[in-house]
Amino acid sequence: MHRAHKIKLKPNAAQTIALKKAVGCARFAYNWALATWQKQYADFLEGKTEKPNLYQISKLWTQKKPEWAYESPKDVAQHAVLNVGQAYTNFWNRKAGAPTFKKKGKAKASCYIYQITGCMCEEKTSNFP
């Protein structure tokens, strides 16, 4: 039997800014990885490069990560890049549709922060294992 506890956080101003930065960094990393994957796949179809994979995209992210992304925990961006790989795996296995870009205000604003024992942060609530 599994139990879930929903805890409502009441962060102060500095904590709210840190959570919003983490969520924004996750969205940026996901969109960047998706765009990079799509570009590399288009080049692969034209015969210019090899087929993209998660390892290549993740390695490229660590090399080209913007300076402001260092303000958020590293796990936030890494997990977002991994999500792109999982999204393509699900797409190729016909479990889901093609991955799409996340837009601020349209997509569910969330990120994973493993430094807090697997916490999943959303806009107004957080889930702890």
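The values are calculated or read from the model by the stated rules, or taken from the named source; none is laboratory data. On a predicted model such as this, the values are computed, not experimentally measured, just so you know. Note that each Cβ is placed from the backbone with ideal geometry, even for glycine, and that neighbours are counted across all protein chains shown.
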Lone qualifier among A87, A98, A77 - being out of contact with any Leu (no Cβ under 9 Å at 6 or more places or on another chain) and surrounded by 13 or more Cβ atoms within 10 Å (Cβ to Cβ): A77
I'm checking my understanding of the structure. Among residues of region 59-78 that are in contact with a helix residue (DSSP H, G or I) (Cβ under 7 Å, 6 or more places away or on another chain) and under 13 Å from K21 (Cβ atoms), which one is modelled with the highest pLDDT? A69
Tally the residues that are at pLDDT 70 or above, part of a loop (DSSP other than H, G, I, E, B) and closer than 17 Å to L9 by Cα, restricting the search to region 104-121. 1
Any residue in region 28-53 that is surrounded by 13 or more Cβ atoms within 10 Å (Cβ to Cβ) and at pLDDT 95 or above sitting within a Cβ distance under 7 Å of a residue that is of a type in the set (A, V, I, L, M, F, W, C) and in a loop (DSSP other than H, G, I, E, B)? List the pairs, counting only those 6 or more apart or interchain. N31/F101; L34/F101
